[in-house]
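Undergrad: Attaching a single structure in structure tokens format; questions to follow.
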Amino acid sequence: MNSMYFTEEHELFRKSLKDFLVKEVVPHIDKWEETGTVERFIWKKMGEMGFFGLAYPEEYGGLDLDIFYTVIFLEELQKINSGGFAANMWAHAYLAMTHLNKEGNKEIKEKYLAPSITGEKIGCLCITEPFGGSDVSGMRTTAVKKGDIYIINGSKTFITNGVYSDYLVVAAKTSPELGNRGMSIFVIDRDTTGISATKLDKLGWRASDTGEIAFDNVVIPAGNLMGEENKGFGYIMQHFSLERLVMAVNAHAQSEFALEYAIQYMKDRQAFGRSISEFQALRHSVAQMASEIEVCKTYNYNTAKRLDNDEYVVKEATMAKLTSTKMADDVIYECLQLLGGYGYMEDYPLARMFRDSRLGPIGGGTSEILREILAKIIIDNKEYKSAT
Ligand SMILES: Cc1cc2nc3c(=O)[nH]c(=O)nc-3n(C[C@H](O)[C@H](O)[C@H](O)COP(=O)(O)OP(=O)(O)OC[C@H]3O[C@@H](n4cnc5c(N)ncnc54)[C@H](O)[C@@H]3O)c2cc1C
């Protein structure tokens, strides 16, 4: 336990979450990886256990706990080896629900946030579009206001929980002529006429539901606008700090799990009459990986602490995701190597981890885009101002 960040209470929570995952989730993971669908019952159970409400107000059924409960939630989800299951859970709890909590009014929170905390409603966050994800301001989906309704047209792609969720948090242009200053955020019920979704097949995160969504003259009440009209880009950018931190924590936890597994394997595996953990080349590789994981983990905890103190950590969260996801990609690649041919087999955990970790440097802002943001901060002294 790192006592700078975690208390006894945190560790008790970690234990109960771990026990829950082993008992209730792990027995189903292989099936969900195959079908690409996480069954509804587990969402309800996770909700009943309070796992979706860790960061949310008590008024709506949440627990309003500090960020290290969220860190534990993310870490333990990575340690059951299904990036896809984890993604379904954190995309609901920390992508969709963050917008509901920060920009939704009381009515929206009662209708969507409260049942999201109990696991009765599942959400997704729809920003990326088929014609471009990195260039958020270039999005083409529009929301046209007519009296007390908006009419939404356009499409989104690569959306986690995009097919099976009950509601969608959607970014759309309300004043297209204003570019990124003309974007707004809406919450939309899945069963609204004009919404269709197609499930996408993908390399990893196979238990997660990733969808392409079309909006064809979708009519929603004007009250489904979240926050102020045309402020959407600022809200998205602001929450990117949390999203990047989430992905950074996922990356260090995933790597830790991979390395622990590889070390145990090395101790058990014999070659040339001794355990392969005695070969210096492999020992040094482990030492290097352990160092890199530890450095990323400590930096991620520090960034989490600062975010929890309401500091604006765009730079730090961006650095955390950029560095940790690259580190995880490299560590998992190397851990697979340490298992030799067994690393390549589906019966061993590294094959799935290898597929899953590849998404780290792509989703939630590619590494190229993160370097671009950091270059602007570092070289041009650009400030990314808080939206609220
Ligand atoms: C499994 C999965 C789940 C996802 N879940 C969600 C979700 O829930 N919600 C959501 O909104 N999105 C989601 N995404 C989308 C993800 O965030 C985007 O894929 C990502 O932002 C990249 O956008 P793109 O795929 O359109 O790539 P593009 O923007 O087309 O980029 C293609 C390549 O060009 C590079 N590039 C682009 N612009 C520049 C530049 N200015 N300088 C240098 N290089 C550049 C990129 O780095 C990349 O290498 C998900 C994606 C995947 C694969």
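Undergrad: Hey, does the stretch 68-76 have a residue that's at negative phi, at pLDDT 95 or above and within 16 Å of the ligand (Cβ to nearest atom)?
TA: Yes: one or more hits.
Undergrad: Check ASN217, ASN230 and return the single one that is modelled with pLDDT of 95 or more, in a strand (DSSP E or B) and either touching a strand residue (DSSP E or B) at 6+ places or on another chain (Cβ under 9 Å) or within 15 Å of TYR112 (Cα to Cα) (or both).
TA: Going through ASN217, ASN230 in turn, just one is modelled with pLDDT of 95 or more, in a strand (DSSP E or B) and either touching a strand residue (DSSP E or B) at 6+ places or on another chain (Cβ under 9 Å) or within 15 Å of TYR112 (Cα to Cα) (or both): ASN217.
Undergrad: Then there is this: Does any residue of the stretch 274-295 turn out to be surrounded by 22 or more Cβ atoms within 10 Å (Cβ to Cβ), of a type outside the set (Gly, Ala, Ser) and part of a helix (DSSP H, G or I)?
TA: Yes; the residues of the stretch 274-295 include at least one that is surrounded by 22 or more Cβ atoms within 10 Å (Cβ to Cβ), of a type outside the set (Gly, Ala, Ser) and part of a helix (DSSP H, G or I).
Undergrad: Which one of these does LYS202 not meet: (1) without any contact (Cβ under 8 Å) to a residue 60 or more places away in the chain; (2) crowded, with 16+ Cβ neighbours inside 10 Å; (3) within 16 Å of the ligand (Cβ to nearest atom)?
TA: (2)
Undergrad: Please go through the stretch 309-319 and pick out each residue that is more than 15 Å from GLN238 (Cβ to Cβ) and assigned to a helix (DSSP H, G or I).
TA: Listed by number, the list holds a single entry, MET319.
Undergrad: Here's something else I'd like to know. Just a yes or no: is a residue in the stretch 322-330 within 14 Å of the ligand (Cβ to nearest atom) and surrounded by fewer than 20 Cβ atoms within 10 Å (Cβ to Cβ)?
TA: Checking the stretch 322-330: at least one residue is within 14 Å of the ligand (Cβ to nearest atom) and surrounded by fewer than 20 Cβ atoms within 10 Å (Cβ to Cβ).
Undergrad: Can you tell me which residue in the stretch 127-164 is farthest from the ligand (Cβ to nearest atom), limited to those that are basic (Lys, Arg) and under 18 Å from GLU212 (Cβ atoms)?
TA: The qualifying residue farthest from the ligand (Cβ to nearest atom) is ARG140.
Undergrad: Could we say that ILE117 is more than 23 Å from LYS199 (Cβ to Cβ) and either within 8 Å of the ligand (Cβ to nearest atom) or under 19 Å from the mean Cα position of the chain (by Cα) (or both) here?
TA: yes
Undergrad: Picking from TYR342, TYR333, TYR348, TYR384, which residue would you name as being closer than 19 Å to SER134 by Cβ, surrounded by 14 or more Cβ atoms within 10 Å (Cβ to Cβ) and more than 10 Å from the ligand (Cβ to nearest atom)?
TA: TYR384
Undergrad: Would the stretch 83-104 turn up any residue that is surrounded by fewer than 16 Cβ atoms within 10 Å (Cβ to Cβ), over 18 Å from MET226 (Cα atoms) and at pLDDT 95 or above?
TA: no
Results for (1) within 16 Å of GLN337 (Cα to Cα); (2) without any contact (Cβ under 8 Å) to a residue 24 or more places away in the chain; (3) not β-branched (Val, Ile, Thr), shown as yes or no for each residue.
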{"position": "MET266", "(1), (2), (3)": "yes, no, yes"}
{"position": "ALA271", "(1), (2), (3)": "yes, yes, yes"}
{"position": "ARG274", "(1), (2), (3)": "no, yes, yes"}
{"position": "PHE279", "(1), (2), (3)": "yes, yes, yes"}
{"position": "ARG283", "(1), (2), (3)": "yes, yes, yes"}
{"position": "VAL286", "(1), (2), (3)": "yes, no, no"}
{"position": "ALA290", "(1), (2), (3)": "yes, no, yes"}
{"position": "GLU294", "(1), (2), (3)": "no, yes, yes"}
{"position": "LYS297", "(1), (2), (3)": "no, no, yes"}
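The values are calculated or read from the model by the stated rules, or taken from the named source; none is laboratory data. Fair warning: this is a prediction, and the values are worked out from it, not measured in the lab. As a convention, Cβ positions derive from the backbone with ideal geometry for all residues, glycine included, and neighbour counts pool all protein chains shown.
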